[in-house]
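Contents: one structure, followed by commentary.
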Amino acid sequence: MGMVRLRLSGMNCAACAQRIEKGLKQVDGVKDARVNFATGQATVELEPKDAGLEKVIKKVRDLGYDVVLDHVELGLGGMSCAACAQRIEKKLASLPGVVRAAVNFAASKASIDYDGTSLTAQDMIRAVADLGYRAFLAGDEAAGDREQAEREAEIRRQKKLFIFAAVLSLPLVLYMFGEMLHWMWLPKIIFNHYFQFGLATAVQFVAGGQFYRDAYRTLKSGGANMSVLVALGTTAAYAYSTAVTFFGKTLGRSDVYFETGAIVITLIILGRLLEAIAKGRTFEAIKKLMGLAPKTARVIRDGREVDIPVAEVQVGDIVVVRPGEKIPVDGIIIEGASAVDESMLTGESLPVDKGVGDTVVGATLNKHGAFKFRAEKVGRDTVLSQIIRVVEEAQGSKAPIQRLADVISGYFVPAVVAVAVLTFFLWYFFLDPGNFTRALINFTAVLVIACPCALGLATPTSIMVGTGKGAENGILFKGGEYLEKAHKLQAIVLDKTGTITRGEPRLTDVLPLNGFTREEVLFLAASAERGSEHPLGTAVVAGAEEEGLALATPSDFKAIPGQGVSARVNGRDVRIGNRRLLNESGVDFAQFEEELTRLENEGKTAMLLAVDGRLAGMVAVADTVKEHAVEGIAEIKRLGLKVYMLTGDNRRTADAIARQVGIEEVLAEVLPEEKARKVEELKRQGLTVGMVGDGINDAPALAVADVGFAIGTGTDVAIEAADITLMRGDLRGIAAAIQLSRATMRNIKENLFWALAYNTLGIPVAAAGLLSPVIAGAAMAFSSVSVVTNALRLRRWRYRPLAGKTA
C-alpha cells in the first residue's frame, strides 16, 4: 500500500503524538510512522502485503484517539448480478486510502469510508469505470471539509466550556481576593465552603471532564500527557479542599483551596481555545491554495458549450475560457490567445502572454482574451494539486531540529510527576515539616507549570507557516528537513544552460562590412539559413523574423558539416559559417580577425557571411543570460554564499558568461555524467552545497547535493524532481528560499528557547514555593499560545533584497 497519511483527532500535546507514533511503529507491517502534533496528521509507511489501514486505525483508537475519515456514496450502473457488486467492492477496497467499501447490488450503491488525503471520489469513479461499470456521486457528502469542521467544532466546544468555567469560578476568585485583602464586604455565601464545593465540583468534572477522560485513555494505553498533569494537580487541590469541607474538624483544618483547581482549569481551557484559534491560522496557506481552484468548467460537449463541475472534466475535453475567468484544469491552447495571471503559481505579478500551443495551468486567471484549450491534466494530476500535495507533505514532515524536542517530550511528563512528588516530600518532611497545605500547593504548582505542549509546538508550527509562505511565493519545500538545511548552505552550484541562461540560442550581433548594410547582411544570412535545421541557423532566422524582415526562399541549399551552409538567395551566392568555410571558399577575412575574436571572447558563436565571393559581414548567436540572473547571483553572494557555475561549454565561452553575471568560480567542460562528481568534490572540501538545475537533466547532481533546487517556469517544472522547487524561472528565488529558511530557523530557535527556558525555570521556581498554582496555571496555558503566536509572525515574511548590504 506504500505511504499513507491519516488525519487524527483527540491529541492534546506532543506527548500524545509521541505515544501514537510509538504505537504505530509496533503494528505488524508498518515500516515507519511519523505523527505531527501541529498538523494533526500521521504519515505511515506500510509493507505492501503485511498491513492494512484497518490495523493502523484500530491501533490509534486503542490508544484512545481517533482517525478522521471521509465518507462518500456512489451510485452505480451496469451491474447485472451480485458478482459484479463483489468485483467493484474488491476494487474499491484495494485503492490506497480506502478503509471500508461496501457495495449494495439491490440499491446500486457503494458506500466508502476513506482517507481524503490519499485519494478523491473522482479517483474511485475512474477505478469503477476501468472495470467497465458506471459510477457517479450520489450526494455531496464527500464535498465537506471535515478537518475544518472539526477545528471549528473544537473551538465552539472550548468556548462554551470556558464561559461555563469562568462564570462558576468568578465567586471563587472573589473569595481568593477577599481572603488576601480582607474584603469583608463580600456576600457571606462566597465564604461558605459548601457553596464553594458546589461551584468547584461543576468546574472540576464538567469543564475539566475532558482532562479526566483524556488522562484515563492515556494511562490505559501505558502513556502520560498534559491531561495527566492537569488532572493530578487540580484533583489534589480539589480532594484536599473537599476533605476539609466535610471532615475539617476531624482533620483539624479549616483552609480550603477550591479556587486553585477551578481557576487552573478555566485558564487552561482558555489557553486551549486560543491555541485552537491560532493553530487554525497556520493552515491558511493550504486553505488559500485549495480555494484557488474554480468550481465549474465550460466544456464543449456534442458541439455546444455546457457548464460542468471541475471534478467531471476529463483528459481530452475542449474547455472554453472567457475574459476574467479562472482556468479550470491544466491543458494546451488550441484556439485564441490571451494574457494569463500566474501569480498564484509563481508569485510573479506580471501576466504571461499565451497563444496556440502554449500550456495553461488550472486556477490561474485569464485576463483579457478568450481561448479554447485541450485538457491534459485533471484531478490530482494538475499542477495545483501537486503543489497542495507537496505543501501538505512538507507541513506534515519533521525537521531534524525537532528530534531534541521529541526526545524531551517522551520523558517529560513522568519526570515532572517525579519532581512534583519529590517537591511534596521535601516540603512536608524537611523544608516546612508537617505543613501539609504548603507541600500540597507546591506539588500542584509543579504539575500545572510544566508544559510539554509548548515544546511540541515549537518546531512544527513554524515549519507549517514557513512552507505555506514559501508556496505563496513560488517556493516549494519538499519537507521540513530541506527548509532547515537551506539555512546552512555555504555554496551554490548553478548549471549554466536553462538556469543562468535561457537554454536557447538567440541572435545577438549583426556587423555589416565592405559596404553592405545591416539589413542586407541579416536578410541574406537568414534567407540562406531557412533551409537549415541547426540551432544556430534557426536562431538567425528567428532574429530576422522578429525584426520583421520578409525572407527569400533559398535555392541550391547545401549544409556543410562542421563548417556552415551555402545557398543561392535572389540569384546571389551566399555562404555563412566558420573560418574553415571561408578559407576553403577563398574569401579573405584576415583584417577582421580581431573583431571575430572579440565576439568569441564574449561567449558568442560568430559566423562569417560571404556574398558572391566577398566578405559581407558577421552575425553572432549566443545563449542569452536570463533576466534577473545578475541580480539573483549578486543576492546569493550578499547572503555570504560562494557561487559556482557548472557547464559543459569550453573554458572561453564559460568564462565569458561567468563575467557577464559576476561569477568567479567556473567549472567548465564538465560532461553531464560528471556533474554529480563535481558536486561531491565541493562537499569533500567541507562545504554544504546546494545544486540548482532544471530538475530533469540534472537529477544525479541534484540528488548528490545537500539541497537540490529545481528551477522552471511553473508550467513545465518537475515539482517532484528536487528538495526545493522554484516555480518561477528566476534566480532571485534561490536567495528568497535561503532568506525564508533563515527566518524560519530563527523563529524555531526562538520558540525552542522560550519553551525550554519556560519549563527549565518554571519548574524549579514552582518547586521552591515561589509560585501559586493559579499563576502557574496561567503561565502554562499561555506558554503554548505564545509559541504558536510567535510562529504566526512568519506570515508577515517578505523577500527583501539586501541591495548592497553585506551578509
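With all pairs of different C-alpha atoms in the average, the Kirkwood value for the hydrodynamic radius of the stretch 332-484 is 20.1 Å. A cut-off of 5 Å between modelled amide H atoms, ignoring neighbours fewer than 5 places along the same chain, links residue 68 with 7, 8, 9. Apply the Debye scattering formula to the chain, with a single equal point scatterer on each alpha-carbon and no solvent, then give log10 I(q)/I(0) at q = 0.09, 0.10 Å⁻¹. Taking Cα atoms of the chain as identical point scatterers yields -0.99, -1.13.
Before rounding to the nearest 500, sum -39500 (n - 2.57) across all DSSP H runs of length at least 4 in the chain and divide by the residue total; then give [θ] at 222 nm in deg cm²/dmol. Intermediate results must be reported in sequence, preceding the final value.
Numbers: 26 runs with 377 residues, N = 807.
After summing the helix terms and dividing by the residues of the chain, the value is -15000 deg cm²/dmol.
Quick one: helix 383-395 against the long Cα principal axis of the chain, what's the angle to the nearest 10°, folded into 0 to 90? Roughly 40 degrees between the two axes. The smallest convex shape that holds all Cα atoms of the stretch 518-649, its convex hull, gives 127 Å³ per residue.
Please work out the FRET efficiency for the pair residue 488 and residue 583, using the Cβ-Cβ distance as r and a Förster radius of 56 Å; give the result to the nearest 0.05.
Details: r = 55 Å, r/R0 = 0.98.
Step by step, r from the Cβ atoms, then E = 0.55.
Counting only heavy atoms of the protein chains, get the accessible area per residue of the chain (1.4 Å probe) and round it to a whole Å² value. Please list the in-between numbers first.
On the way: 34670 Å² over 807 residues.
Using a 1.4 Å probe on heavy atoms only, each residue of the chain averages 43 Å².
Treating each Cα of the stretch 719-778 as an identical point scatterer and summing with the Debye formula, the log10 of I(q)/I(0) at q = 0.20, 0.21, 0.30 Å⁻¹ comes to -0.83, -0.87, -1.13.
Calculate how large, on average over all directions, the projected area of the Cα convex hull of the stretch 404-473 is; give the answer in nm² to one decimal.
Working: hull surface 22.7 nm².
Computed as one quarter of the Cα hull surface, the answer is 5.7 nm².
Classify the stretch 445-540: rounded, prolate or oblate, from the alpha-carbon gyration tensor (a ≥ b ≥ c, eigenvalue square roots; a/c under 1.5 rounded; otherwise prolate if a/b is larger than b/c)? Prolate is the answer for the stretch 445-540, as a/c is 1.5 or above and a/b outweighs b/c. Comparing Cα centroids, the stretch 249-269 and the stretch 563-631 end up 94 angstrom apart. Between rounded, prolate and oblate, where does the stretch 609-690 land on the alpha carbon gyration tensor, with a ≥ b ≥ c its root eigenvalues, rounded for a/c under 1.5, else prolate if a/b exceeds b/c? It is oblate, given that a/c is not under 1.5 and a/b is not larger than b/c. Within the accessible area of the stretch 428-560, the carbon and sulfur atoms contribute 48%, probe 1.4 Å, all protein chains present. The trypsin sites (Lys or Arg not before Pro) found in the stretch 723-807 that occupy coil by DSSP, while having at most 16 further C-beta atoms within 10 Å, are 798, 805. Could you work out what % of the accessible surface of the stretch 278-383 is carbon and sulfur, using a 1.4 angstrom probe and leaving DNA, RNA and ligands out of the count? The computed percentage sits at 51.
Once the mean 1/r over all distinct Cα pairs of the stretch 161-211 is inverted, what Kirkwood radius in angstroms do you read off?
Values: mean 1/r = 0.0878 Å⁻¹.
Computed over Cα pairs of the stretch 161-211, the Kirkwood hydrodynamic radius comes out at 11.4 Å.
Note that the stretch 301-375 carries a Kirkwood radius of 12.3 Å, evaluated over its alpha carbons pair by pair.
The values are calculated or read from the model by the stated rules, or taken from the named source; none is laboratory data. Being a predicted model, the structure only gives us computed values, none of them experimental. Neighbour counts run over all protein chains shown; Cβ positions are idealised from the backbone, glycine included. SASA here: full protein model, heavy atoms, side chains in, ligands and nucleic acids out. Shrake-Rupley method; radii C 1.70, N 1.55, O 1.52, S 1.80 Å.
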